[in-house]
Amino acid sequence: MTTDARAINARLRIGETPTPEELAWFARGLASGDVTDAQAGAFAMAVCLRGLGEAGRVALTRAMRDSGKVLHWDLPGPVLDKHSTGGIGDCVSLVLAPALAACGAFVPMISGRGLGHTGGTLDKLESIPGFRTGLSEDQLRAQLRDTPCAIVSASAEIAPADRRLYLIRDVTGTVESIDLITASILSKKLAAGLEGLVLDVKVGSGAFMKTMDQADALARALVATAQGAGCMTTALITDMSQPLATAAGNALEVIEVMETLTGTSVNAALRDLTAALGGEALALGGLAADPQDGARRIEAALKTGKAAEMFGRMVAAQGGPSDFVDHWPDRLPSAPVQREVPCLRGGFVTAIDGALIGQAVVHLGGGRLRDGDRVNPSVGLADLAGIGEEIGPGLPLAIIHAASEADADAAARTVQAAFTMGDAAPVEPPLIHARIA
Ligand code: URA
């Protein structure tokens, strides 16, 4: 039987699930270019609106994984990784990959760029001058032997169907689908030949999943699909009702990462979430007795500077400055316009619309509005106030880093709209809501 994209999309449109063979054909077409951008956009929208069901989700994940190469490793330690479903100020990967490596794991972390209103690990790392994320398989293998961690993009060889669909979803408003997120994350992760994977499923205003029910469903879909494919996996559902770091923006988040790695100004939420996720991964890989023991090991790697040293080795191996850990303040780009956003009505911060904060960063140039847009590494928001903080009228909610005064004006209005102020201190949200294993 012949298959074509129009027929697959027409079936999806009326709520039918394409067969595994049809989904495999579509994934190959995404990788080869036989499926056009318009057909891929229509596919993504149809899946968002109609869903694929469990069998379809598993079939799409496998099809996207098999659209490229599946790696196998022969290394003297477990191959581990974590992946986040995406958030604001979520720079955990930059701290966690070197911390896991410092604890004896090998970490071939295949990451993504900004997606929708959320930031992307690759865009953050590329704010480091010279840092290369596009390694070939041979380069990745060579790096892992010398420096046990690497953070790279899905190369043309690994899950190429996701590489293409990811960019199309980013600019077509088709990110928020459990099926597409599962297939996107796991196609890359399963192709990376991992032995253990910890997933950080974000919930709240800055996440794609806004409610606990949605996040729980996504976490269960991810864990079941990954475990079904033979990869030991656990998920933590973690809070995204406010940005994780106090910065949102590429170089600005790298600053916070460096402060935490070097101990100059540790962000407690970033450290604690890194330890919790890392603890799970080390336990999965047999490098810790249990997640709590693993978390202690990650904290020790941060405290002793071993994770910072590993980060420096990774940066140098991937083309960045060899003295980055000692000289990062001089190496990162900074924006020409920096100004405070005044709080219009004083009081306690009771809620933050994370998606609006993310949109402000994207419109400042820190993310993409159209496929192919260049990201400005220096722009974003710093010193963001957190939920429960008391702020007087006129005092700053955040500091805008912008390319122009006009961009800063627009961002200021968005940031002001993102903050809800109240008269009483709210209950502060927990960092971790649930664990799914
Ligand atoms: N991260 C990914 O890699 N893909 C998604 O769809 C969402 C987060």
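For the stretch 179-200, the set of residues classified as of a type in the set (Val, Ile, Thr) and near the ligand (Cβ under 10 Å from one of its atoms) consists of Ile181, Thr182, Ile185, listed by residue number.
Would you tally the residues in the stretch 10-48 being in a loop (DSSP other than H, G, I, E, B) and within 28 Å of the chain's Cα centre (by Cα)? Full working, then the answer.
Our first condition is that a residue be in a loop (DSSP other than H, G, I, E, B); within the stretch 10-48, this holds for 14-19, 33-36.
Okay, now just the ones that are also within 28 Å of the chain's Cα centre (by Cα), so 33, 35-36.
The total comes to 3.
If only residues of the stretch 166-178 that are more than 9 Å from the ligand (Cβ to nearest atom) and hydrophobic (A, V, I, L, M, F, W, C) are counted, the one that is nearest to Ala219 (Cα to Cα) is Ile178. For Gly116, the test of being over 27 Å from Arg28 (Cβ atoms) and either in contact (Cβ under 8 Å) with a residue 24 or more places away in the chain or within 13 Å of the ligand (Cβ to nearest atom) (or both) is failed.
Taken together, the residues in the stretch 29-59 that are surrounded by fewer than 15 Cβ atoms within 10 Å (Cβ to Cβ) and either under 15 Å from Ala10 (Cβ atoms) or among the small types (Gly, Ala, Ser) (or both) amount to 6. Could you grab the pairs with beta carbons closer than 6 Å, sequence gap of 6+ or different chains, first residue in the stretch 74-91 and touching a residue at least 24 places away in the same chain (Cβ under 8 Å) and more than 30 Å from Ala251 (Cα to Cα), second one more than 14 Å from the ligand (Cβ to nearest atom) and not in a loop (DSSP other than H, G, I, E, B)? That search, which allows pairs on different chains as well, returns Leu75/Phe106; Gly77/Phe106.
Since every read-out is calculated from the coordinates, none of them should be taken as a lab result. Bear in mind that the values here come from a model prediction, so they are computed numbers and not experimental data. For neighbour counting, all protein chains shown are included, and Cβ atoms are generated from backbone atoms with ideal geometry for every residue, glycine included.
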